[in-house]
Amino acid sequence: MQNNLFSIEHISKVFSDGTVAINDVSLELQKNQVYVIIGPSGSGKSTLLRTLNLMEKPTSGHIYKDGQDITAKSYPIEKHRERVGMVFQNFNLFPHMTVLENINSAQMHVLNRDYKNATEVSLGLLEQVGLLEKKNHYPNQLSGGQKQRIAIARALSMHPEVMLFDEPTSALDPEMIGEVLSVMKNLVHSGMTMIVVTHEMGFAKAFADEIIVMDQGKVIEQGTPEVIFNQPKEQRTAAFLKSVLNPL
Ligand SMILES: Nc1ncnc2c1ncn2[C@@H]1O[C@H](COP(=O)(O)OP(=O)(O)OP(=O)(O)O)[C@@H](O)[C@H]1O
């Protein structure tokens with residue numbers, strides 16, 4: 001199918017201690033769509049996300065991107081990662097580099113852009129995330145929300161085809177969550193696929209084209225926010241949503 005980005009076919013991930021993190025998952029992910037993966041703690045959401053940039057290699061099954069088997073031994077992982085941006089819960093900025101250097105780094109070392117071109121791209125992205133005035137600061141001079149906005153800018157500097165977000169707001173104080181979600185909101189349908197693991201149900205409801213619900217290593221159902229929130233097929237989905245939406 002022309003709009004297919006990833007075809008995930010029967011993947012499982014068993015860690016060396018025997019934990020089955022993903023248990024026979026198959027999914028089709030389309031270009032320029034927003035997917036939000038939800039589910040209880042330990043259900044395999046992060047592991048599934050990490051298989052898409054091969055930070056975790058499935059123990060069995062295959063993942064195809066644009067028809068090519070990215071799980072094949074011969075597949076060029078580094079080239080793949082250039083096209084797949086990742087934003088982590090804990091930002092992963094380089095502490096010894098300024099904000100500008102953080103965003104320039106991969107552009108210069110991986111894409112071979114010269115300093116002038118990289119800086120031009122970085123300054124544009126800093127403006128986009130509203131942090132131009134912080135360009136000469138170091139990460140430890142920033143709030144958590146600012147660090148995450150810089151991490152998003154850094155991932156965007158590679159002009160990725162797909163952005164993976166692994167609980168991007170869960171390490172933040174509540175008052176900083178909105179500024180990060182607002183940057184993410186502006187990326188929705190901007191030409192890239194977004195795959196987001198989050199407990200922010202407001203984001204899922206407002207911006208997901210499709211919600212993927214996981215439990216115990218399996219995708220138990222998937223559908224539009226309307227269906228998942230209002231008429232979930234699975235009792236486990238209803239119970240999970242109740243626990244996060246009405247915890248008391
Ligand atoms: N490197 C690892 N070695 C062994 N087990 C692991 C490893 N990474 C994750 N797991 C286990 O795999 C299962 C799935 O973990 P994963 O982090 O994917 O779940 P999750 O749904 O993202 O959870 P959370 O919402 O708490 O982040 C869990 O039981 C976890 O303990």
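Key figures for this structure:
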| quantity | calculated |
| --- | --- |
| Charge tally in the Cβ shell below 15 Å around Ile150, where Lys, Arg are +1 and Asp, Glu are -1, Ile150 excluded | +1 |
| The chain, relative contact order in percent, only Cα pairs under 8 angstrom and at least six apart counted | 26 |
| The stretch 130-196, accessible surface, carbon-and-sulfur percent (1.4 angstrom probe) | 45 |
| Helix 235-245 vs. the chain, principal-axis angle (Cα, 0 to 90°, nearest 10) | 40 |
| Cross-link pairs beyond the 27 Å C-alpha cut-off, checked among Lys57/Lys79; Lys73/Lys116; Lys31/Lys57; Lys31/Lys205; Lys57/Lys134; Lys135/Lys205 | Lys73/Lys116; Lys57/Lys134; Lys135/Lys205 |
| Solvent exposure of the chain as accessible area per residue, Å², 1.4 Å probe | 48 |
| Between the stretch 54-109 and the stretch 180-248, the Cα center-to-center distance that results, in Å | 24 |
| Antiparallel DSSP beta bridges within the chain, as percent of all bridges there, nearest 5 | 55 |
| Among Asn92, Leu29, Gln235 the positive-end extreme of the charge dipole of the chain (Cβ point charges) | Asn92 |
| Translational diffusion of the chain, µm² s⁻¹ [Kirkwood Rh, Cα pairs; Stokes-Einstein; 10 °C; 1.306 mPa s] | 85 |
| Three-way shape label, the stretch 63-122, alpha-carbon gyration tensor, a/c 1.5 | prolate |
| MRE, 222 nm, helices only [DSSP H, n ≥ 4, -39500 (n - 2.57), over the chain, to nearest 500] | -10500 deg cm²/dmol |
| Prolate/oblate/rounded label for the stretch 128-237 (Cα gyration tensor, a/c 1.5) | prolate |
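The values are calculated or read from the model by the stated rules, or taken from the named source; none is laboratory data. Because the structure is a prediction, the values reported are computed rather than measured. All Cβ positions, glycine included, derive from the backbone under ideal geometry; neighbour counts span all protein chains shown. The protein model used for the area step is the full one, side chains on, heavy atoms only, and it has no ligands, DNA or RNA in it. Shrake-Rupley method; radii C 1.70, N 1.55, O 1.52, S 1.80 Å.
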